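Visitor: Please find one structure pasted underneath; my questions will follow.
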């Protein structure tokens with residue numbers, strides 16, 4: 001009887017399919033997507049939104065802290081306004097990762113009709129790449145002086161981040 005079980009196990013381990021690898025996610029390649037949902041979003045700040053009761057942190061980006069100014073521009077508010085403009089009355093779809101976010105928020109890649117909100121914020125100069133997924137978009141935004149890159153901003157605008165500064 002033991003020999004039959006051993007042979008059965010050996011055959012099972014040889015023919016079972018390998019588990020599928022999770023889809024590549026440029027911002028968090030080491031995380032898995034655990035859920036996806038959609039809805040009308042309200043914007044909390046430049047990298048945080050809410051759909052229903054869920055607070056969602058946009059993965060792979062960072063925006064200025066509260067009360068940071070670039071000349072006469074409130075950088076924190078400008079980033080939030082930029083996200084609010086694109087998300088206004090649109091259905092936002094978020095793919096939540098298994099990584100925990102700050103303050104109990106979900107961490108997600110979010111889109112509107114296939115357009116990444118995460119990348120949009122970086123590409124338009126309202127957010128900065130965090131983790132490398134949007135490094136090219138940030139470089140273009142800086143070179144073209146889009147958004148906050150076109151203003152006279154303090155060195156600590158990006159929470160002490162140093163990506164080529």
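Visitor: What is the extension gain from residue 98 to residue 143, computed as 0.36 nm multiplied by their sequence separation minus the C-alpha to C-alpha distance, in nm to one decimal?
Guide: Values: separation 45, 0.36 × 45 = 16.20 nm, distance 3.41 nm.
Computed gain between residue 98 and residue 143 is 12.8 nm.
Visitor: Quick check: residue separation of residue 67 and residue 90 times 0.36 nm, minus the Cα distance between them. What number comes out in nm? Numbers along the way, then the final one.
Guide: On the way: separation 23, 0.36 × 23 = 8.28 nm, distance 2.80 nm.
That works out to 5.5 nm of additional length.
Visitor: Using a 10 Å cut-off around each Cβ, can you sort 157, 83, 58 from fewest to most neighbouring Cβ atoms?
Guide: On the way: 157 21, 83 26, 58 30.
If I rank by nearby Cβ atoms, fewest first, I get 157, 83, 58.
Visitor: Taking the Cβ of each residue in 129, 72, 81 as the centre, tally the other Cβ atoms inside 10 Å and list the residues starting with the fewest. If you can, show how the numbers build up before the last one.
Guide: On the way: 129 25, 72 7, 81 13.
Taking fewest neighbouring Cβ atoms as first place, the list is 72, 81, 129.
Visitor: Please report 89, 38, 97, 116 as a ranked list, fewest other C-beta atoms within 10 angstrom at the top and most at the bottom. Don't skip to the end; give the middle numbers.
Guide: Numbers: 89 6, 38 13, 97 23, 116 20.
Ordered by Cβ neighbours within 10 Å, fewest first: 89, 38, 116, 97.
Visitor: I would also like to ask the following. By how many nm would the segment from residue 113 to residue 50 lengthen if fully extended, with 0.36 nm per residue of separation less the alpha-carbon distance? Walk me through the numbers before you get to the answer.
Guide: Details: separation 63, 0.36 × 63 = 22.68 nm, distance 1.78 nm.
Residue separation times 0.36 nm, minus the Cα-Cα distance, leaves 20.9 nm.
Visitor: Separation between the residue 151 and residue 38 pseudo-spin-labels, each 7 Å from Cα along Cα→Cβ, expressed in nm?
Guide: 3.3
Only the coordinates and a few stated rules stand behind these numbers; no lab work does. None of the values given here were measured: they were computed from a predicted structure. Quick reminder, even Gly has a Cβ in these numbers, built from the backbone with ideal geometry, and neighbours come from all protein chains shown.
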